[in-house]
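The values are calculated or read from the model by the stated rules, or taken from the named source; none is laboratory data. Since the structure is predicted, the reported quantities are computational estimates derived from the model, not experimental observations. Cβ sites come from the backbone with ideal geometry, for glycine too, and all protein chains shown count toward neighbours. These accessible areas exclude ligands, DNA and RNA; they are computed on the full protein's heavy atoms, side chains included. Shrake-Rupley method; radii C 1.70, N 1.55, O 1.52, S 1.80 Å.
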Amino acid sequence: MGSFQAPPGMRSSALLETSCGYLLQELQMIWNEVGEDQSEREKVLLELEQECLEVYRRKVDRANMSRARLHQELAESEAEFTHLLLSLGERSLPGRPEKMSGTIKQQLDSITPALREMRLRKEERLNQFRAVQGQIQKISAEIAGQSEYDDSITNVKVNENDLSLKKLEEYQNELQRLHNEKNNRLQQVEKYIAAVHNLSATLGMESSMIITKVHPSLNELCGISKNISDGILAKLNSTVESLQEEKQKRLEKLHQLGKALKNLWSLMDTSYGDRYLFSHVIDQLSVSSAEVSDPGSLTLDIIQQAEAEVKRLDQLKASKMKELFLKKQNELEEICNKSHMEIPSRSEMENILNLINTGEIDYAELLMSIDEQISRAKEEASSRKSIMEKLEKWILARDEERWLEEYSMDENRYSVSRGAHRNLRRAERARVTVNKIPALVDSLIAKTKSWEEERRKVFLYDEVPLLAMLEEYNLSRQEREEEKQRQRQMKKVQSQVVVEQENFTTSRPSTSNRRLSNKSLNGGFGNASPLNRRLSLSIQQLGSNGKNSVALGTSFIKEGKKEQGKRIFPSPNFTSQLRDETASVVSTFSGPLSP
């Protein structure tokens, strides 16, 4: 069997005892040689025992303290490990047993690597928290408008008791939200800045000065990050609104000036070249504030130029109005003369010109009234067109009729002379035309009556009722026909006398016939009433004198207003009213209408 080997501690203790026994024997030998007495020996031995106990006791105390320290280290390590697990939000560390066994040092050696790894994880997690929270604080400071922010992560205070991934995700979500808000604010700032640039360009202002006045950081030349605080956004919004209000005010002012220019141009009949210089002002009349975006379209210079032009035109308005009024007056008179309608009186025109010279008349109302008169005159001339065409045919036919009568009374019409064949052909054509006169007159009367019923007024030709002229013509024509029949009967009687008196058959019958004819004609017109003579004179002069202007003294401005407000409803006895009105108009010239 092998020899027994004591443990190291036991071997040390036996060696110590052996050494102590050897030393004690050596001390006994010394004492024996010296002859130390027993009491001294016992005293020394007691001191040695006490010193040995003291040394053992100190060693034991140190051992106890070391054990307690190791227990404390183990407990602290386990507590720190548990705290790190809790703070990092982890349940356990992979590879580390849940229950430890062995000596204290073994347990410490087992937990130390896991604790070191947990500490590394904590430091890494702390750095993540510091970075995220630092970004949060920085963006929050930017949103709050703090231009000077120390972005050092050392200023970030991290709650080390909660370093879980859930908490880190919450901070990351918050950081993402702040990033989105920052981007939105930056977009709003850029939008406001773009609006300021556009509005400033439209209004002719310096946009950089306006933006710098809001905050220097908004100017890109400053080279610092833009301030995106609520206060800056509010200032930018207020600036944009004030620029939009200024834009609206200028546009309204330009609209007023444009309307004034158009009115003045219309009043004074301004040429296209003068109007073209301010066409950009007129183009703005049909657009709203949101549609105006061209650079320099609403500058103060444009408004001042338009104001100066309005002022200049306003000063020239009176003189131009007189010229324009005379031009429109001539236009109105020309329309009336061409259609043989009544025209405004000269005295009324002179009164209006006096009002224009004194500036005591509304030019717009004046021109609107005369334009209405011209429009009504054109409309009435258009409605009279078909009647006037037939009337011209009747006038030409009446001329042919008159020529044919003179030709028929010519004794030498069948003589061989120069141009006789031409007169003969004309006479043939004239007879065809004259035969159409009754149908033409009847058509004229029907059209005139229809026109008067439709227009509810008397058809005047050079201020003479046309129906009265036509009726007078029919009456005179009937009288001439009757006169011709009487002359034919007289010729029959004369032919019998000629048989008895052959010496006078050549000259006297023709002379007497001509005299009788002239007498009958002259008697037919000479015995007529003054109105008939006036109508007959008008009929005779239709072919040569077609334009007569008599001043009626009625104000065409007041008449224009009355025409707008007057409404006449048809009545059953309208035809009789027209005849009464015709009789009243005729009575103003010469007296009652002869039957």
Query - Search result, residues across region 105-119 that are loosely packed, with under 14 Cβ neighbours inside 10 Å and farther than 16 Å from ALA75 by Cβ - result: PRO113, ARG116, ARG119
Report summary line: Taking region 266-289 and the residues there that are in a helix (DSSP H, G or I) and in contact (Cβ under 8 Å) with a residue 24 or more places away in the chain, the one that is farthest from LEU324 (Cα to Cα) would be SER289
**Report entry** Top-ranked residue of region 365-399 - restricted to ones that are among the polar types (S, T, N, Q) and touching a residue at least 12 places away in the same chain (Cβ under 8 Å), ranked as nearest to ALA439 (Cα to Cα)
**Finding:** SER386
Query raised in the report: Mind checking whether some residue in region 69-81 is touching a residue at least 60 places away in the same chain (Cβ under 8 Å) and either surrounded by 15 or more Cβ atoms within 10 Å (Cβ to Cβ) or touching a strand residue (DSSP E or B) at 6+ places or on another chain (Cβ under 9 Å) (or both)?
Result: no
Query raised in the report: Listed residues LYS247, LYS262; which is assigned to a helix (DSSP H, G or I), open to solvent by 30 Å² or more (accessible area, probe 1.4 Å) and at pLDDT 85 or above?
Result: LYS262
Query raised in the report: Going through region 314-343 one residue at a time, which ones are assigned to a helix (DSSP H, G or I) and charged (D, E, K, R)?
Result: ASP314, LYS317, LYS320, LYS322, GLU323, LYS327, LYS328, GLU331, GLU333, GLU334, LYS338
Requested in this report: Return a yes/no flag: does region 277-297 have any residue that is among the acidic types (Asp, Glu) and open to solvent by less than 80 Å² (accessible area, probe 1.4 Å).
Outcome: no
Query raised in the report: Going by the conditions given, is GLU350 closer than 30 Å to TYR461 by Cβ, out of contact with any helix residue (DSSP H, G or I) (no Cβ under 7 Å at 6 or more places or on another chain), in a helix (DSSP H, G or I) and at pLDDT 85 or above?
Result: no
**Report entry** Of all residues making up region 154-179, the number that are open to solvent by 70 Å² or more (accessible area, probe 1.4 Å) and either on the phi > 0 side of the Ramachandran plot or part of a helix (DSSP H, G or I) (or both)
**Finding:** 10
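Let's see how each residue does on (1) free of Cβ contacts under 8 Å to residues at least 60 places away in the same chain; (2) more than 30 Å from VAL292 (Cβ to Cβ):
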residue: ARG125; (1), (2): yes, yes
residue: GLN128; (1), (2): yes, yes
residue: GLY145; (1), (2): no, yes
residue: VAL158; (1), (2): yes, yes
residue: LEU165; (1), (2): no, yes
residue: GLN176; (1), (2): yes, yes
residue: ASN184; (1), (2): yes, no
residue: THR202; (1), (2): no, no
